[in-house]
Amino acid sequence: MRITMFRKLMAGEFGQVRAEMIARDHVLSSLGGRTADQALEAGIGAKEVWIAVCDAFEVPENRR
């Protein structure tokens, strides 16, 4: 998955503004205590980051 697709999925699930805030501010323990943005910058794959966000926010399987 590309980062652009990750951003599109985030915006679709949470709305543009909230998605940006979540990616920037919400620390995910499953990503080593990083935010989604920090994880992407560290080279963690966008799909792995998306799954971590989905798990943290209990996004239903059919929307992952």
Residues being aliphatic (A, V, I, L, M) and closer than 20 Å to Pro60 by Cα - total across the stretch 11-30
5
For the stretch 39-58, does any single residue satisfy the condition of being charged (D, E, K, R) and touching a helix residue (DSSP H, G or I) at 6+ places or on another chain (Cβ under 6 Å)?
no
Please return the ranges of helices (runs of 4 or more DSSP H) entirely within the chain where 3 or more residues are at pLDDT 95 or above and open to solvent by 60 Å² or more (accessible area, probe 1.4 Å).
3-14, 16-25, 46-56
Neighbours by Cβ (under 8 Å, 6+ apart or cross-chain): first from the stretch 19-38, more than 19 Å from Thr4 (Cα to Cα) and aliphatic (A, V, I, L, M); second at pLDDT 95 or above and surrounded by fewer than 12 Cβ atoms within 10 Å (Cβ to Cβ)
Val27/Gly33
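The values are calculated or read from the model by the stated rules, or taken from the named source; none is laboratory data. Everything quoted here is computed from the prediction, not taken from an experiment. Ideal geometry is used to build each Cβ from the backbone, glycine not excepted, and the neighbour counts take in all protein chains shown. Calculation scope for accessible area: heavy atoms of the full protein, side chains included, ligands and nucleic acids excluded. Shrake-Rupley method; radii C 1.70, N 1.55, O 1.52, S 1.80 Å.
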